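Colleague: Input: one structure, supplied below.
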Amino acid sequence: MYKVYEIKQRVFADNDREADRVREELKTGGTFLLNLMSSPGAGKTTMLTRTIEMLKDEMRIGVMEADIDSAVDADAISRTGVKVIQLHTGGMCHLDADMTHQGLEQLGTGGIDLAVLENVGNLVCPAEFDTGAVKNAMILSVPEGDDKPLKYPLMFQVCQCLLINKIDVLPYFDFDLEACRSRALKLNPDMKIIPISARTGEGIDEWVSWLREQVREWKEK
Ligand SMILES: Nc1nc2c(ncn2[C@@H]2O[C@H](COP(=O)(O)OP(=O)(O)OP(=O)(O)O)[C@@H](O)[C@H]2O)c(=O)[nH]1
Ligand SMILES: [Mg+2]
């Protein structure tokens, strides 16, 4: 079961300050927030479903699915049995810190170790707004092309982890994994880059280890 909430963008003078406030509240409550971003259809929900299956017995997970419309993704996540809500952004192509705050209030973070925000599918707008998440991760999928770091540099700069998804279809595309990796690292030398297939499960172990470590570090900080 899940509920659908309409969240509204209010004009906040300083999104960065609001984002810091969100992080402080998360810290106090012992909740790690991951902001997951990508273009539409890169595989966020599919990857998240696998991630939840691997982690749900060791930590309490809550998910916020943000979309302009529909409850398709909340529906998919609710089948894993974790707490999930659907947020409607009223046409906005991203969430800012205040909207994320509204979402977290509706989700209820009490007792949640790992909260995930699946942001609206878009490589442009979500990169411009700090949501208050502890870490940002992005997915780039093989069919989108290896030139995306060149075209959407900010997204690659604000994320600590890049998942290159759909590697099961690499043989059918001219996607150059090494070229993509070096373009991303040029923008963000500290970025963790993990090729995965959310379909076959390849690479998911490495991603889950990375995420588990981030949650642990945040709780111990
Ligand atoms: N071949 C292949 N298909 C995948 C993989 N991951 C996801 N897909 C497919 O890609 C499509 C989109 O996946 P979603 O998980 O819905 O993508 P999303 O990023 O959540 O999409 P939005 O929420 O609409 O932005 C679905 O048909 C998935 O089955 C993968 O690793 N390999
Ligand atoms: Mg989705």
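Colleague: What number of residues within the stretch 135-193 are assigned to a loop (DSSP other than H, G, I, E, B) and of a type outside the set (A, V, I, L, M)?
Modeller: Qualifying residue count, the stretch 135-193: 14.
Colleague: Can you tell me which residues in the stretch 35-77 are near ligand 1 (Cβ under 8 Å from one of its atoms) and open to solvent by 70 Å² or more (accessible area, probe 1.4 Å)?
Modeller: Listed by number, the residues that qualify are Pro40, Thr46, Val72.
Colleague: Now, a different point. For the stretch 1-24, give me each residue that is among the charged types (D, E, K, R), free of Cβ contacts under 8 Å to residues at least 40 places away in the same chain and open to solvent by 90 Å² or more (accessible area, probe 1.4 Å).
Modeller: Result: Arg17, Glu24.
Colleague: Can you name every residue in the stretch 104-130 that is within 16 Å of ligand 1 (Cβ to nearest atom), crowded, with 18+ Cβ neighbours inside 10 Å, of a type in the set (Val, Ile, Thr) and assigned to a loop (DSSP other than H, G, I, E, B)?
Modeller: Val120
Colleague: Which one of Thr28, Thr80 is out of contact with any strand residue (DSSP E or B) (no Cβ under 7 Å at 6 or more places or on another chain), among the β-branched types (Val, Ile, Thr), surrounded by 15 or more Cβ atoms within 10 Å (Cβ to Cβ) and closer than 21 Å to Val215 by Cβ?
Modeller: Thr80
The values are calculated or read from the model by the stated rules, or taken from the named source; none is laboratory data. Note that the coordinates shown come from a computational prediction; the quantities given were computed from them, not determined experimentally. Note that each Cβ is placed from the backbone with ideal geometry, even for glycine, and that neighbours are counted across all protein chains shown. Side chains included, ligands, DNA and RNA excluded: accessible areas come from the protein's heavy atoms. Shrake-Rupley method; radii C 1.70, N 1.55, O 1.52, S 1.80 Å.
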